[in-house]
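Following: one structure in structure tokens, then a few remarks.
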Amino acid sequence: MLLSILAVVIVFGGLIFFHELGHFSVARALGMGVSTFSLGFGPKILKKKVGKTEYALSLVPLGGYVALVGESHDAELPDGFTKEESFSLRPAWQRLLVVLAGPVANIVLALFLCIVVALGWGVTTLLPAVGDVQQGTPAARAGLMKGDLVLSMDGVAVPSWTDLSDRISRGNGAPIVFEISRKDDTGQETVFETTITPERNERKTIFGETEIAWLIGIRSAGLFVNEDVGLVDGIKAGFTQCWNMLSLTWQGFVKLVERVVPADQVGGPIMIAQIIGEQTDNGLVGLLGLAALISINLGILNLLPIPVLDGGTALFCLWEIIFRRPINTKVLDYSVRVGVALLVALMIFATFNDVMRLVRG
């Protein structure tokens with residue numbers, strides 16, 4: 001229990017802190033003033049002033065914050081800071097860079113974690129092994145059986161289930177020669193070829209949608225193999241995994257807006273804490289992978305064009321860059337209030353879903 005709580009604090013707090021570190025680093029690189037950079041929220045336990053910036057360790061360790069000098073035009077400048085260091089008086093493109101630095105930092109962190117996992121634990125591949133053959137499908141008519149392993153398709157090696165699925169989709173229904181490895185009860189292997197012609201049929205996506213695709217009627221056996229990789233291949237695998245996470249997360253947000261994904265699937269801090277606690281029991285590699293996924297979610301969430309989030313502020317900066325004038329003050333104030341209301345409502349809704357999940361067990 002104590003280990004799970006510690007993992008939640010380190011992962012959840014660390015990801016938010018890294019987000020703020022992105023804002024801080026770019027702001028300082030551009031010469032903007034930062035009055036406070038705190039690890040954690042609430043009352044300050046420890047603090048030390050270095051130059052003009054106060055660095056603090058605060059009581060609540062979930063995240064952190066950066067207090068930029070002159071975040072609004074009417075904000076008073078702290079002692080020792082000049083107008084030239086004010087965030088609000090800087091060109092829009094500089095403010096845009098500072099705003100985007102937080103989400104970008106989260107994505108960079110996720111990429112780093114994916115590379116670390118690939119180099120430290122190897123790359124996991126889902127094998128092209130048949131787990132189930134649906135009756136009346138092309139695979140069944142061709143004689144495929146549970147336990148068969150696909151070695152190649154049209155003479156091209158198939159190292160993973162993803163490769164198998166992609167080649168079937170790209171074939172557009174053309175006949176494919178499968179090279180199959182089959183073992184009997186004694187372990188004796190037989191390798192043979194069979195030709196299968198995919199058919200158009202319905203299937204469910206990971207979001208529960210029905211789509212039409214070229215299929216042969218098999219399901220994966222769920223067999224994985226783990227391979228150690230060198231530096232170059234590990235970096236490539238990290239980039240691939242990070243991109244897949246980014247793509248899947250973005251699609252998830254889109255499907256949620258389109259109401260394909262039910263609203264009761266939205267989770268908040270309680271659900272995140274539960275998942276982190278569960279992954280702690282599965283070892284460091286699972287925890288690092290989850291941290292990368294949460295970091296990407298945090299980055300994308302902050303890029304949504306909602307006022308008070310980084311994406312909303314970025315939108316205002318882009319408006320100013322394109323139209324060469326700041327957005328109307330009344331419009332800005334109203335949009336910020338709406339943004340705060342939306343964010344609070346979302347937090348309440350997510351927490352309600354978390355509680356209901358706990359009640360349902």
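The values are calculated or read from the model by the stated rules, or taken from the named source; none is laboratory data. Predicted model only: the values in this text are computed from it and were never measured. Neighbour counts run over all protein chains shown; Cβ positions are idealised from the backbone, glycine included. To get the accessible areas, we keep the full protein, side chains included, count just its heavy atoms, and leave off ligands, DNA and RNA. Shrake-Rupley method; radii C 1.70, N 1.55, O 1.52, S 1.80 Å.
The residues E193, E258, sorted by heavy-atom accessible surface at 1.4 Å with ligands and nucleic acids left out, run E193, E258 from largest to smallest.
With respect to the chain, whose longest principal axis is taken over its alpha-carbon atoms, helix 310-323 is tilted by about 70°. So what is log10(I(q)/I(0)) for segment 68-159 at q = 0.18, 0.25 1/Å, when the Debye sum runs over its Cα atoms only? Calculated log10 I(q)/I(0) at the listed q: -0.92, -1.20. Can you give me the C-alpha center-to-center distance between segment 11-46 and segment 286-320, rounded to a whole angstrom? For segment 11-46 versus segment 286-320, the Cα centre distance is 16 Å. When shorter helices are ignored and each DSSP H run of at least 4 residues is given -39500 (n - 2.57), the per-residue value for the chain at 222 nm works out to -17000 deg cm²/dmol. Between L284 and D184, the simple label model (points 7 Å from Cα in the Cβ direction) yields a spacing of 4.7 nm. Taking all protein chains together, T313, T194 sort by accessible area into T313, T194, largest first [probe 1.4 Å]. All other residues whose Cβ lies under 14 angstrom from that of F41 are scored, Lys and Arg at +1 and Asp and Glu at -1, for a net of +1.
For helix 329-360, what angle does its Cα long axis make with the longest principal axis of the chain, in degrees from 0 to 90 and rounded to 10? The helix 329-360 is inclined about 50 degrees to the chain.
Inter-label distance, M356 to L151: 5.3 nm, where each label sits 7 Å from its Cα along the C-beta direction. The rule of thumb for compact globular proteins, 2.2 N^0.38 Å, goes into the C-alpha radius of gyration of segment 126-171 1.11 times. Only protein atoms count toward the accessible area here, which uses a 1.4 Å probe; on segment 144-205, the carbon and sulfur part of that area reaches 46 percent.
Distance check, please: which entries in K47/K83; K183/K236; K47/K236; K48/K83; K83/K330 exceed 31 angstrom between their Cα atoms? Each step should come with its number before you reach the end.
Working: K47/K83 25 Å; K183/K236 34 Å; K47/K236 41 Å; K48/K83 24 Å; K83/K330 24 Å.
Beyond 31 Å: K183/K236; K47/K236.
In terms of overall dimensions, the C-alpha atoms belonging to segment 23-69 reach 30, 19, 13 Å along their principal axes, ordered largest to smallest. Each principal axis of the Cα atoms in segment 1-81 has its own extent, and those three values, largest first, are 46, 23, 23 angstrom.
Seen against the Cα atoms of the chain and their longest principal axis, helix 92-121 is set at about 40 degrees. Under Stokes-Einstein, with the Kirkwood radius over Cα pairs as Rh, the value for segment 187-240 at 20 °C and 1.002 mPa s is 137 µm²/s. Each principal axis of the chain carries a Cα extent, and these read 81, 47, 46 Å when sorted largest first.
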